[in-house]
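So the structure is just underneath, and the comments pick up after that.
The values are calculated or read from the model by the stated rules, or taken from the named source; none is laboratory data. What you see is a predicted model; the values in this text were computed from it and never measured. Neighbour counts are summed over all protein chains in view; Cβ atoms, including those assigned to glycine, are modelled from backbone coordinates with ideal geometry. In case anyone asks, the SASA skips ligands and DNA or RNA and just uses the protein heavy atoms, side chains included. Shrake-Rupley method; radii C 1.70, N 1.55, O 1.52, S 1.80 Å.
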Amino acid sequence: MTSIPQALLWCLSAGTVAAVVLAALLVRVRKERAGLRARLTAAEEHSSATLHGNTELSARLRATEAEVRHLAEARLPDLTLALAHPHVPVRGLLDKRFGGSETDEALDAVMAQVSEAITKERTRVDAAAQSTLRGATTTIQALLYQVQTSLQAMQHKYDDPQIAQDLLDADFLNEQALRRVQATGVVCGAWPGLTREDSYLAELVVGATSRLRGYERVQVSNQLRDPVAVVARAVEPIAITVTELLANALHHSHRELPVTVTLQQGNRGASVIIDDYGVGMHDDELKHAMELLASNDGLLLTQLGDPPRSGFAAAGQLVRQYGFGVHVEPSPYGGVRAVVYIPGDPLLTVLDEGARPISVMAPMPHRAPGGPRDRAAVPSAMPTGASAPATPAGAVPTPRPAAEAHAVPVQPAPARPDAEPAPQPPVEGELPRRRRRRPQAEQQPESHADTLNLRSPEETGSRWAALQRGTESGRAAAHSEPPRSPEGNAQS
């Protein structure tokens, strides 16, 4: 009876232990299942993140490739064009998200290197082109000077009016070619190629006018108080500059409209003011012209346009080398005003009109009544004083260039080249001074319409031949009889 309950107790104990073990196993299984589920979830999330990262990386790579293609196809061609034409814009990044990134810095470095390489190559090629042109223009210019000398010798040799006219036409065409070659050489860094002596500013302007087609339209008004002259080394550079500015004025205005030139004197220099009544210049054109005139030493031939326009560029080179100034602005007459300012120190001087009279081709200065018409030359280049009243430019007709000059009869033995009706007695201690007669053009001013009336080629040739004969006879007479002073006594 006793053994039966113990067996049952042992059975119940074993069942209890088994139940506890089963419960522990069940809890363990559940924990393992939860952990496995968590690992599966983490694995799924990692796979999704990896897939998303791969997608972003692929998109960034595609965007970078697009930027590189944009650099090669758009930005570099824009940069090449902008180096020749600064107004052309250069496109930026295709994707703005790259701004400030390493990719943006790398692309900018490529742009800078390409720009530097192109600039160096352009400079090298342009320097080679300028060197070639400089050598060619120097040789051609020397040959044209020889042709000019031969033509002038033939003009003195032959007296036939028709031959004289033909020689004048050939000489004028030669002058046109010489002017273009000279300006091109100056742009390329060549020396102007001609040395002169000190020359009156009025003579210089008239000589520059005679180099141009349409010179008869140019009207020069001389407002200088003193016999102002340009020093020898600056004569040809200033003549080239005035010629190019006049050519620009004549070309951009109607052939029936005049171009006025006014010579003004200030306390520190003199100015040549050129006004035309043409179409004018836009703001961009004026800005470009002032850049060319700003004496930039790094000028390239490709900056002169197609076809090249070398006028302002040549003037800018001469401004840089010789120290005078050129300014271009809208004219009050609707066209363009160009001002050539020549500083008195060191480019101007004052000549003695008695020892060296001014050419009859040059306009006489407008001096105030009772003013110092023939004052002695002073040591300073530009004496100070009140300026003479200015009159409208072009009020006095411009004497025609050599091709259209009046025949001036020369006396066989002139005691004085030109004399005033009532010469003033010389100041004590001062040498007698020669005085010149005012030219016919100033005594009896012609109307503007008469100034534009041209003579026939036959009449021009006849007058030129008469001028040559008169000049030669006058020179011969001057050598045969000694000159006399205003008092009639022979000079020692």
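Taking a virtual spin label 7 Å from the Cα of Q113 along the C-beta vector, which residues in region 69-91 bring their backbone nitrogen under 12 Å of it? Residues passing the 12 Å test: none. Amide H contacts for V220 (H built 1.01 Å from N in the peptide plane; partners 5 or more residues away or on another chain; cut-off under 5 Å): V261, T398.
With a ≥ b ≥ c taken as the square roots of the eigenvalues of the C-alpha gyration tensor of region 231-314, please select rounded if a/c is under 1.5 and otherwise prolate if a/b is larger than b/c or oblate if it is not? Since a/c reaches 1.5 but b/c is at least a/b, the shape of region 231-314 is classed as oblate.
Listed by chain and number, the lysines placed with their C-alpha closer than 27 angstrom to that of K287 are K120; residues fewer than eight positions away on the same chain are left out. Quick check on region 26-115: take the gyration tensor over C-alpha atoms, sort the square-rooted eigenvalues as a ≥ b ≥ c, and tell me if it's rounded (a/c under 1.5), prolate or oblate. Since a/c reaches 1.5 and a/b is larger than b/c, the shape of region 26-115 is classed as prolate. Approximating the spin labels as points 7 Å out from Cα along Cα→Cβ, the R255-to-H85 distance works out to 3.3 nm. Solvent-accessible area assigned to carbon and sulfur over region 158-208 amounts to 56 percent, based on a 1.4 Å probe. Dipole magnitude for region 20-167: computed about the Cα centre from +1 point charges on Lys and Arg Cβ and -1 point charges on Asp and Glu Cβ, it is near 1380 debye. For region 95-150 and region 282-358, write down the distance between their C-alpha centroids in whole Å. Rounded to whole Å, the Cα centres lie 24 Å apart.
Full extension of the segment from Q162 to S359, taken as 0.36 nm per residue of separation minus the current Cα-Cα distance, would add 68.3 nm. Each residue, H282 and A63, gets one label point 7 Å from its Cα in the Cβ direction; the gap between the two is 4.0 nm. Measuring r between the beta carbons of V125 and R469 and using R0 = 41 Å, the FRET efficiency lands at 0.15. Taking a ≥ b ≥ c as the square roots of the eigenvalues of the Cα gyration tensor, region 204-351 is oblate, since a/c reaches 1.5 or more and a/b is not larger than b/c. Accessible area per residue was computed with a 1.4 Å probe on protein heavy atoms; E105 scores about 120 Å².
Solvent-accessible area per residue in region 193-251 equals 24 Å², computed with a 1.4 angstrom probe and all protein chains kept. Here r is the Cβ-Cβ distance between C11 and N54 and R0 is 45 Å; the resulting FRET efficiency, rounded to 0.05, is 0.10.
Shape index of region 277-349: Rg/Rh, with Rg the Cα radius of gyration and Rh the Kirkwood radius from the inverse mean 1/r over Cα pairs, equals 1.01.
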